[in-house]
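Trainee: Could you have a look at this structure, given as structure tokens, before my questions?
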Amino acid sequence: MRARIAIAALLLLTACDGGPAVVHEKDDNAGPFPAADRPVAKIVSPRWSTEEMRDRLNESGEVMAKAAIAKDMTVADIGAGEGYYTVRLASRVGKDGRVLAEDIVPEVRDALAQRVARDRLDNVSVRLGEPANPKLPDNSFDRILMVHMYHEIEQPYEFLWRMRPSLKPDGEVVVVDANRATQNHGTPPRLLECEFAAVGYRLVGFDNMPSAGGYMARFRAVGARPEPKDIRGCRLD
């Protein structure tokens, strides 16, 4: 047990490689979506921790089990990085399931595409997203995973708004992050819930996840998608 806790603590320290945060000032010309009233962490590495260490804690197994990811599902892995979840999701959903792995860094996307081809993961497709738009097809996903990357989204309200239509009626967004300030490469759970709620998502599950270096939150879209001009940003003191 002591070793497990020690390893989990090490994961927390190495999450996102601890790069500095970037504070974005509000821009009156940014468009109809409110700006994030908080620091936005800088993307510093596609690797959160080593795959061997993460498997030693059964990180992906616990996350996929609690997210109820099963055979034949269609799952999006947003901010897929080097593909830790991508390759494990491919096995989990099986040959009749589908995984879409996405990153916004072209070099990372290309390296992941090479890994997918090398491992012959025929049920995986890889694509390049945009910082404020995942560009996912409508009504397509049973689950959307966002693992240790939410705090790096510069325009969370626009991103979540554009992502909403891609969920199936009973689909869920699964966020894994650390419970700490965004400038320290985490997202406080209360802030996460507030930002999702502003775009019409309801929190349907929350678990502390030491194996994943923090917590896991699950959201579903409820009601009508709000108009961008009606979205009110969050400010947590």
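The values are calculated or read from the model by the stated rules, or taken from the named source; none is laboratory data. Everything quoted here is computed from the prediction, not taken from an experiment. So basically every Cβ, Gly included, is an ideal-geometry build from the backbone, and we count neighbours across all protein chains shown.
Trainee: Hey, among ALA15, ALA36, ALA68, ALA76, which residue is at pLDDT 95 or above, of a type outside the set (S, T, N, Q), under 18 Å from the mean Cα position of the chain (by Cα) and closer than 30 Å to LEU236 by Cα?
Mentor: Step by step, each of ALA15, ALA36, ALA68, ALA76 is checked, and only ALA76 is at pLDDT 95 or above, of a type outside the set (S, T, N, Q), under 18 Å from the mean Cα position of the chain (by Cα) and closer than 30 Å to LEU236 by Cα.
Trainee: With respect to SER125, determine if the residue is small (Gly, Ala, Ser) and within 25 Å of THR50 (Cα to Cα).
Mentor: yes
Trainee: Which one of these is out of contact with any Ser or Thr (no Cβ under 7 Å at 6 or more places or on another chain) and either β-branched (Val, Ile, Thr) or modelled with pLDDT of 90 or more (or both): SER45, SER60?
Mentor: SER60
Trainee: Taking the criterion of being buried (at least 23 other Cβ atoms within 10 Å of the Cβ) and closer than 26 Å to LYS71 by Cα, would at least one residue in segment 115-128 satisfy it?
Mentor: There is at least one residue in segment 115-128 that is buried (at least 23 other Cβ atoms within 10 Å of the Cβ) and closer than 26 Å to LYS71 by Cα.
Trainee: Oh, and also: Among the residues of segment 85-105, is there at least one that is touching a helix residue (DSSP H, G or I) at 6+ places or on another chain (Cβ under 7 Å), surrounded by fewer than 22 Cβ atoms within 10 Å (Cβ to Cβ) and farther than 12 Å from LEU145 by Cα?
Mentor: yes
Trainee: Within segment 157-237, considering only strands (runs of 3 or more DSSP E) that don't extend past its boundaries, which have at least 2 residues that are out of contact with any Gly (no Cβ under 8 Å at 6 or more places or on another chain), crowded, with 17+ Cβ neighbours inside 10 Å and at pLDDT 95 or above?
Mentor: Because the criterion is at least 2 residues that are out of contact with any Gly (no Cβ under 8 Å at 6 or more places or on another chain), crowded, with 17+ Cβ neighbours inside 10 Å and at pLDDT 95 or above, the strands (runs of 3 or more DSSP E) in segment 157-237 that meet it are 167-177, 214-221.
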